[in-house]
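K.L.:
Mind looking over this structure? Questions follow.
The values are calculated or read from the model by the stated rules, or taken from the named source; none is laboratory data. What you see is a predicted model; the values in this text were computed from it and never measured. Quick reminder, even Gly has a Cβ in these numbers, built from the backbone with ideal geometry, and neighbours come from all protein chains shown.
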Amino acid sequence: MNRYGLIGEKLGHSYSKIIHEQLADYTYDLIPLSKEEFAPFMEAHDFNAINVTIPYKQEVLPYLDEISEAAKAIGAVNCIVNKNGRLYGHNTDYAGFLYTLRNNSIKITGEKVLVLGNGGAAKAIVAALKSLNPKELITVKYKEEPGVITYEQASNMHTDASVIVNTSPVGMYPKVDASPMDIAPYGALNAVVDIIYNPTTTKLLAQAKERGIIAVNGLEMLVAQAKYAVELFLDTPMPDEKIEEVMKNLTS
């Protein structure tokens, strides 16, 4: 058996095959699974290692024999390695996001940070941000819920935030004219990170760039988490320079 790939429901837009095949010399399959196909696939264990995307990052948990500490803290797995029939779950989104912050010199410690959205994509990002000890970490959403504030409340009370991270899909292709928020009132901003990578410059990031603020899209996180996944898949370390190499290939 020699099977590597990505499972999820809709994978038509995925860059993962291109990225993995540039990082490693295996064939990487895109494996779309309907809800009905998901359980039989997981029970069969017919793979060396897989990545997991929407909507299965939490659904895979009951099928795993062991889960890494980072993945446990996040409550989601995006990477599974099959070792002699035992399934080991990891979350490389966490390390991928930390790499993005490091590589772009985005300071989180002691800062006020707003996270837009609280869906599955936010889980690893919030855990990574918490590990860096921000002064405040506030989740913003379009509707009122326990533990989150609305966009209106954010613009009334938190315009002194220095970092904004968008984990929501607002602004993603094809709805490129949408933006989750207007950052004009936020005078203290140092950086905006948008985990969307299609388009490469969302409306939100364009607004940040106009002001000369650090503006980073989600492609780097995607490539970095893939690099960390390849290390787990092949049990071999790989230099971080590979991330930049693949980034260049994807954006040139």
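K.L.:
Only one of these is in a loop (DSSP other than H, G, I, E, B) and either under 20 Å from the mean Cα position of the chain (by Cα) or at positive phi (or both): Tyr197, Tyr186. Name it.
P.N.:
Just a single option satisfies the conditions, and that option is Tyr197.
K.L.:
Another one. Is one or more of the residues making up segment 54-61 under 12 Å from the mean Cα position of the chain (by Cα), in a loop (DSSP other than H, G, I, E, B), surrounded by fewer than 19 Cβ atoms within 10 Å (Cβ to Cβ) and β-branched (Val, Ile, Thr)?
P.N.:
yes
K.L.:
Count, please, the residues in segment 200-220 that happen to be part of a helix (DSSP H, G or I) and either surrounded by fewer than 20 Cβ atoms within 10 Å (Cβ to Cβ) or touching a Ser or Thr at 6+ places or on another chain (Cβ under 8 Å) (or both).
P.N.:
Summing the residues that are part of a helix (DSSP H, G or I) and either surrounded by fewer than 20 Cβ atoms within 10 Å (Cβ to Cβ) or touching a Ser or Thr at 6+ places or on another chain (Cβ under 8 Å) (or both) in segment 200-220 gives 8.
K.L.:
Please give the number of the condition Glu144 fails out of (1) surrounded by fewer than 20 Cβ atoms within 10 Å (Cβ to Cβ); (2) at pLDDT 95 or above.
P.N.:
Just one mismatch for Glu144, condition (2).
K.L.:
Just the residues that are closer than 21 Å to Asn91 by Cβ and among the polar types (S, T, N, Q), please, taken from segment 228-252.
P.N.:
Thr236
K.L.:
Would you pick out the residues in segment 194-217 that are without any contact (Cβ under 8 Å) to a residue 60 or more places away in the chain and under 23 Å from Val246 (Cα atoms)?
P.N.:
Within segment 194-217, Asp194, Ile196, Pro199, Thr200, Thr201, Thr202, Leu205, Ala215, Asn217 meet the criteria.
K.L.:
Go through segment 181-193 and count every residue that is touching a residue at least 60 places away in the same chain (Cβ under 8 Å) and within 25 Å of Ala95 (Cβ to Cβ).
P.N.:
Going through segment 181-193 one residue at a time, the tally reaches 3.
K.L.:
So which of Lys107, Lys72, Lys112 is within 17 Å of the chain's Cα centre (by Cα) and charged (D, E, K, R)?
P.N.:
None of the other options fit; the residue is Lys72.
K.L.:
Here's a follow-up. Residue by residue through segment 86-130, note down the ones that are at pLDDT below 95 and outside any helix (DSSP H, G or I).
P.N.:
Answer for segment 86-130, where residues must be at pLDDT below 95 and outside any helix (DSSP H, G or I): Asn118, Gly119.
K.L.:
Hey, another quick one. Between Lys248, Lys209, Lys175, which is of a type in the set (Lys, Arg) and within 30 Å of Arg3 (Cβ to Cβ)?
P.N.:
Residue meeting the stated conditions: Lys248.
K.L.:
Sort out which residues of segment 21-53 are in contact with a Leu (Cβ under 8 Å, 6 or more places away or on another chain), of a type in the set (Val, Ile, Thr) and either in a loop (DSSP other than H, G, I, E, B) or without any contact (Cβ under 8 Å) to a residue 12 or more places away in the chain (or both), and write them in order of number.
P.N.:
Listed by number, the list holds a single entry, Thr53.
K.L.:
Taking the residues in segment 69-111 that are without any contact (Cβ under 8 Å) to a residue 60 or more places away in the chain and among the polar types (S, T, N, Q) as candidates, determine which candidate is surrounded by the most Cβ atoms within 10 Å (Cβ to Cβ).
P.N.:
Filtering first and then ranking leaves Asn91.
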